[in-house]
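Encoded as structure tokens, the structure appears first; notes follow it.
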């Protein structure tokens, strides 16, 4: 078979081969494997490889308090998304309103947290959140509120990690919002001004409706990000018991500290199903968006 | 005309100041703590800045090896990400072959598989390949991404067919067209992809933590993670280590900031 470029049949596959091998082995096959492992008893010391045990691991999960606590915490962690949306949308609006010369540098500065490795961010925030002499508790006490055990006690530990997620993430979503804001037709806003709308009115009735699909997308993407969180918790609240953390730290602990690959895979499948629900919503939103020609 | 009252401009400037402070505050704070001599009060302006914490972090904390490892991992991973994605995207964008549509859908579907879900089989595969505790293991699974292929495909599709045809008439083969026509014209996208890969590779912790065992193979985040709480005699040491981890990536990012365009993120939303 010859194609339009007059290449041989295998030419496209030669280009595709490295990528297909990597994604195939490490993602597609791995996804099938994790499904299979979740039905087996499998440890680093399993001599004959994974041993099929049916739904045993899922049964163990259902009766595991650790698992339910972590799953609950993962859902609590989703509370970070409204904060991310608010902060990143605000940042995008500030950048959009900034003068031409300062706009680019403001954008770069506000993107710095995204560039900052989580471990570095966590070290800084740990110091700020320290119970006795941290900046945050000092400020709280100054305004007459009691300080909180940010790094040691649930649910404060969860809040601390969420703070790091928020700080590290808002610059990324700001860029998405900025792209959406810049795509709002100027004429639309000017027409609204001519009709006597105030700034709030223009935002509420012109800008917000046109970027609404993007708000929803950011909601979905940041929710998926929140469900996948590991590093913020692992480093910021080092030493917090695993049941006070979320699902991914539980997977890490189960697989690599306790050596229970089967159970860890079952937790992985559960997490995948939750994330898949969000991904499907994302897909629907994107295709609707693409059809509408927006964002 | 858009009205812009002075109070609003003021509000915007205050907002910009607050946000900028939030963004660079933690980094500045780390520098301040790391520059102070060990004896002085923990939070104060360093009147006599010292480099001792940095040299301690470098020598006692053993950061030289991890720094080299991180540089290698980051460079290799971003080069591979760009090259492999651009190679794969070329036929997807420009050639007709059986299974193209299905293959592209499968590639996009891998974006929905989170690394966190499949770490166990990923690790087992690395074990079976005999690559545990090597830098290759850190790079290999993330040497190409569906997102990168998608970005490159989008960029290639923007390039006029006529350029390619002209090259073909001049007798260029597909690989020559890829190298001499597609890559240069898609350069801004490739640079953005390289930048994203660099940022990701430099800060990755979960996967290196799983596959690396001996300290001479550690990347910086793993090494700094090990330092935490280890040096009771100098509590500033981890802060200096954090600054040393931060500087290279910030420098690289600021150098490449012109590739940070909001338009690229509009694309990432669609994917």
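The values are calculated or read from the model by the stated rules, or taken from the named source; none is laboratory data. Source: prediction; values computed, not measured. Every residue, glycine among them, receives a Cβ derived from its backbone with ideal geometry; neighbour counts consider all protein chains shown.
Before moving on, here are some points about what is shown:
- Single unsatisfied condition, residue A:291 versus (1) more than 7 Å from chain B (Cβ to nearest Cβ); (2) crowded, with 21+ Cβ neighbours inside 10 Å; (3) at pLDDT below 90: (2)
- Residue ranges of helices (runs of 4 or more DSSP H) in the stretch A:63-136 with at least 2 members facing chain B (nearest Cβ under 7 Å) and under 23 Å from residue A:243 (Cα atoms): A:118-129
Residue by residue, here is whether (1) modelled with pLDDT of 90 or more; (2) surrounded by 17 or more Cβ atoms within 10 Å (Cβ to Cβ) holds:
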{"position": "A:179", "(1), (2)": "yes, yes"}
{"position": "A:186", "(1), (2)": "no, no"}
{"position": "A:191", "(1), (2)": "no, no"}
{"position": "A:195", "(1), (2)": "no, no"}
{"position": "A:199", "(1), (2)": "no, no"}
{"position": "A:202", "(1), (2)": "no, yes"}
{"position": "A:208", "(1), (2)": "yes, no"}
{"position": "A:211", "(1), (2)": "yes, yes"}
{"position": "A:218", "(1), (2)": "yes, yes"}
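- Just one of the listed residues (B:246, B:237) is over 17 Å from residue A:234 (Cα atoms), more than 10 Å from chain A (Cβ to nearest Cβ) and buried (at least 20 other Cβ atoms within 10 Å of the Cβ), and it is B:237.
- Against the criterion of being more than 10 Å from chain B (Cβ to nearest Cβ) and either over 15 Å from the mean Cα position of the chain (by Cα) or under 21 Å from residue B:200 (Cβ atoms) (or both), residue A:250 qualifies.
- A residue that is free of Cβ contacts under 8 Å to residues at least 60 places away in the same chain and more than 19 Å from the chain's Cα centre (by Cα) occurs nowhere in the stretch B:201-209.
Yes/no per residue for (1) surrounded by fewer than 17 Cβ atoms within 10 Å (Cβ to Cβ); (2) modelled with pLDDT of 95 or more; (3) out of contact with any helix residue (DSSP H, G or I) (no Cβ under 8 Å at 6 or more places or on another chain):
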site	(1), (2), (3)
B:11	yes, no, yes
B:14	yes, no, yes
B:26	no, no, no
B:41	yes, no, yes
B:60	yes, no, no
B:70	no, yes, no
B:78	no, yes, no
B:89	no, yes, no
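- Residue in the stretch B:95-102 that is part of a helix (DSSP H, G or I), surrounded by fewer than 17 Cβ atoms within 10 Å (Cβ to Cβ) and at the interface with another protein chain (Cβ under 9 Å from one of its Cβ atoms) present: yes
- Of the helices (runs of 4 or more DSSP H) lying entirely inside the stretch A:183-295, those containing at least 3 residues that are closer than 20 Å to residue B:108 by Cβ and touching a residue at least 40 places away in the same chain (Cβ under 8 Å) span A:208-227, A:261-292.
- Residue in the stretch A:138-153 that is surrounded by fewer than 18 Cβ atoms within 10 Å (Cβ to Cβ) and facing chain B (nearest Cβ under 10 Å) present: yes
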